[in-house]
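Read the structure below first, then the notes.
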Amino acid sequence: MCVTYCHRWQVLYWNHEDCSSQICPLVNGPHGRCNDCRHRQGEICRLTNAPLPESGGCCHGNVALAQGLRVVTRMMLEPLGVGAGETVAEVLERWGAPYEVNGRGQVVVDPDELGIPTVYGLGAEAVGEEAFPWPEMLW
């Protein structure tokens, strides 16, 4: 799953590309430090299940996690690109993201069913398989 929910800005984005400074002002830092983050569990981030960064912190430090179904708006889809005549459901289908339509006819997603990036802010191609300690992952 490659569409990801940004818990800080409540938008959906494609986690194979680096985050854009046009969409997120935190791309270039400064980032919160991991040592006092609520997501830290030993040397692992509970949000990503990945090892903590070697230095500094990350863009999701101490952010409250969204839980449960989220109504998707066109504004939430801006990082994915929304065509003039495209509906919310069409955009999610184009990106292969799981969604439902609730009883009110609203398109909703569950952040827990979407992809989780290895490192928030960096696309999957930027991290590289060799650089990531796969055997140490907590599953």
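Read-outs throughout are calculated quantities, based only on the coordinates presented, and are distinct from any laboratory measurement. Keep in mind that what you see is a predicted model, and the values were worked out from it rather than measured. Because the Cβ atoms are built from the backbone with ideal geometry, glycine has one as well, and the counts that use them run over all protein chains shown.
If you take the beta carbon distance between D36 and D110 as r and set R0 to 35 Å, what does 1/(1 + (r/R0)^6) give as a FRET efficiency, to the nearest 0.05? Intermediate values should be presented prior to the final figure.
Values: r = 29 Å, r/R0 = 0.82.
E between D36 and D110, to the nearest 0.05, is 0.75.
If amide H atoms are built 1.01 Å from N in the plane of the peptide, which residues on other chains or at least 5 residues away come under 5 Å of the amide H of V11?
C6
For segment 1-84, compute the orientation-averaged projected area of the C-alpha convex hull (one quarter of its surface), in nm².
Averaged projected area of segment 1-84's Cα convex hull equals 6.4 nm².
Report the gain in length on full extension from V27 to V101: 0.36 nm times residue separation, minus Cα-Cα distance, nm rounded to one decimal. Before the final figure, lay out the partial values.
On the way: separation 74, 0.36 × 74 = 26.64 nm, distance 3.22 nm.
Taking 0.36 nm per residue and subtracting the Cα distance, the gain is 23.4 nm.
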